[in-house]
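The values are calculated or read from the model by the stated rules, or taken from the named source; none is laboratory data. Bear in mind that the values here come from a model prediction, so they are computed numbers and not experimental data. Neighbour counts are summed over all protein chains in view; Cβ atoms, including those assigned to glycine, are modelled from backbone coordinates with ideal geometry.
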Amino acid sequence: MSALTSTMDKCTSCGLCVEECVFLKAVSKTPRAIAEGLVRGDEEVRGLQFLCFLCGLCKAVCPNQVDVAEMMLRSRRDSADLNVQQNPCYRVNFPDEPAFLIGALKERMDIDFSEHSPSKFKHAFFPGCSMACFSPKAVVKVYEVLAEELGEVGVLDLCCGKPLHDSGLESRARAWLEGRVVAELKRRGCEALVTACPNCFYYLKPRLWGRFKVSTPYGLLRRTVGGFGCGGDPILTIHDSCPDRFEGIFGEQVRKVLSGCRILEMRHSKTKTLCCGAGGLVSCSNAVLPLTMASARFSEFAETGASLMVVYCYTCANMFWSAKPNVEVKHALNLVLNVGDNSELVKRGEVGRLIMDLMTNQG
Ligand code: SF4
Ligand code: SF4
């Protein structure tokens, strides 16, 4: 059964997901109405597929587990050639493009992990694009912990290719994964990959299954940071990441690492977490919805009375730092390892200006 047929079959238009979702509420449509519009080839509805954050909250609240994100993703695949390949905003997010934003950011900030990347190593520490850019100090610190715990470790500083996949460019995503990521893992003699990024983790794990073991560093970090505690100040809340929604591996591990701190949960957390606003590259199609999404998160943060929002994804951190620079947001790794991040560059607008430059100067 196709994702469209499955949605039309299972969605009763009860409206529960519409109440929870910033996107569905804004367009005032149920998933069934969207599926029907897509089947009819309705142009207006076709445009909506790029406004879904692919966050999965609808599936988490739906009595019939309708998977709207999957439907939107498949629909993106059908029309990606038309909508995405020529759009400069999407293109700067693609690792196989010359104007790849992350490459330019690393060059501008002089970020280079070659010192921590020998020619051969058994365990690859795969920080992911956002961590490499927004906290190179945390990359080095985690690398040092892993080297002590595991022995042969090297930093593999590559994009996993998920932005291509999320934009519907499936064959380019596969070519990137096999031609760059897997080829590099093999060339370096790796057997396992450790990543602190929930996007990379959940994207790579099923795709590398049976070839390379994929894990997070948090279990190993627990030994190093021991009984990390905040001493009651600050009081934390934890923003869970969408890719972690259904398995909860990061959410549980991060809460264990922070178990010595006082944690107040937000209304939407764990399985029911809210997207930060960066999911699904919606910002390339609509400037307002991502900020509305981030605002919903800030409101729930304010309701808790906590003074610090802890995230475990640097893409979420970047989204929050740029949306509301005066709100205290920190990545769990920067907190427990006591190392700095590049949040100030984001808050001063330097990252945003670089993105605009890259988009303007694209060939
Ligand atoms: S919660 Fe499920 S059944 Fe209800 S409108 Fe949403 S997708 Fe349809
Ligand atoms: S995946 Fe997220 S943004 Fe998309 S419809 Fe579901 S809840 Fe809304």
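Within segment 194-211, the set of residues being in contact with a strand residue (DSSP E or B) (Cβ under 8 Å, 6 or more places away or on another chain), free of Cβ contacts under 8 Å to residues at least 40 places away in the same chain and under 15 Å from residue 156 (Cβ atoms) comprises just one member, 208.
So that you can scan it fast, the table gives a plain yes or no per residue for (1) free of Cβ contacts under 8 Å to residues at least 60 places away in the same chain; (2) within 13 Å of ligand 2 (Cβ to nearest atom); (3) hydrophobic (A, V, I, L, M, F, W, C); (4) in contact with a Ser or Thr (Cβ under 6 Å, 6 or more places away or on another chain):
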| residue | (1), (2), (3), (4) |
| --- | --- |
| 14 | yes, no, yes, no |
| 36 | yes, no, no, no |
| 77 | no, no, no, no |
| 101 | no, no, yes, no |
| 116 | yes, no, no, no |
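Going residue by residue through segment 161-182, is there one that turns out to be in contact with a strand residue (DSSP E or B) (Cβ under 7 Å, 6 or more places away or on another chain), over 22 Å from residue 333 (Cβ atoms), in a helix (DSSP H, G or I) and not assigned by TED's automatic domain parsing to the domain that holds residue 280? No, every residue in segment 161-182 fails to be in contact with a strand residue (DSSP E or B) (Cβ under 7 Å, 6 or more places away or on another chain), over 22 Å from residue 333 (Cβ atoms), in a helix (DSSP H, G or I) and not assigned by TED's automatic domain parsing to the domain that holds residue 280. Looking only at residues in segment 269-300 that are in a helix (DSSP H, G or I) and out of contact with any helix residue (DSSP H, G or I) (no Cβ under 9 Å at 6 or more places or on another chain), the one that is farthest from residue 245 (Cα to Cα) is 299. Looking across segment 2-12 at every residue that is closer than 18 Å to residue 69 by Cβ and not in a helix (DSSP H, G or I), the one that is nearest to ligand 2 (Cβ to nearest atom) is identified as 11. Only one entry in 113, 100 is in contact with an Asp or Glu (Cβ under 7 Å, 6 or more places away or on another chain) and closer than 22 Å to residue 346 by Cβ, namely 113.
Checking each residue in segment 61-76 for being small (Gly, Ala, Ser) and either closer than 22 Å to residue 291 by Cα or in the same structural domain as residue 202 (by TED's automatic domain parsing) (or both) picks out only 69.
Applying the condition of being in contact with a Phe, Trp or Tyr (Cβ under 8 Å, 6 or more places away or on another chain) and surrounded by fewer than 19 Cβ atoms within 10 Å (Cβ to Cβ) to segment 61-103 and asking which residue is farthest from residue 275 (Cα to Cα) yields 96. If you scan segment 47-60, which residues turn out to be crowded, with 19+ Cβ neighbours inside 10 Å and either of a type outside the set (A, V, I, L, M, F, W, C) or more than 10 Å from ligand 2 (Cβ to nearest atom) (or both)? Hits for segment 47-60 are 49, 50, 56, 59. If you filter segment 56-104 down to residues that are among the β-branched types (Val, Ile, Thr) and in a loop (DSSP other than H, G, I, E, B), you find that the one that is modelled with the lowest pLDDT is 84.
The condition (being near ligand 2 (Cβ under 10 Å from one of its atoms), out of contact with any Gly (no Cβ under 6 Å at 6 or more places or on another chain) and acidic (Asp, Glu)) is satisfied by just one residue among 70, 43: 70. Selection of segment 25-55 for residues being away from ligand 1 (no atom under 14 Å from the Cβ), over 17 Å from residue 283 (Cα atoms) and not in a helix (DSSP H, G or I) yields 41, 42. Taking the conditions (1) in contact (Cβ under 8 Å) with a residue 24 or more places away in the chain; (2) within 30 Å of residue 150 (Cβ to Cβ) in turn, residue 255 satisfies each one other than (1). When segment 313-335 is filtered for residues that are among the hydroxyl-bearing types (Ser, Thr, Tyr) and either out of contact with any Phe, Trp or Tyr (no Cβ under 7 Å at 6 or more places or on another chain) or not assigned by TED's automatic domain parsing to the domain that holds residue 230 (or both), the ones remaining, listed by number, are 315, 322. From the list 340, 352, the lone residue that is small (Gly, Ala, Ser) and outside any loop (DSSP other than H, G, I, E, B) is 352. Within the option set 178, 191, being over 14 Å from residue 217 (Cα atoms), in contact (Cβ under 8 Å) with a residue 12 or more places away in the chain and surrounded by fewer than 16 Cβ atoms within 10 Å (Cβ to Cβ) holds for one residue only, 191.
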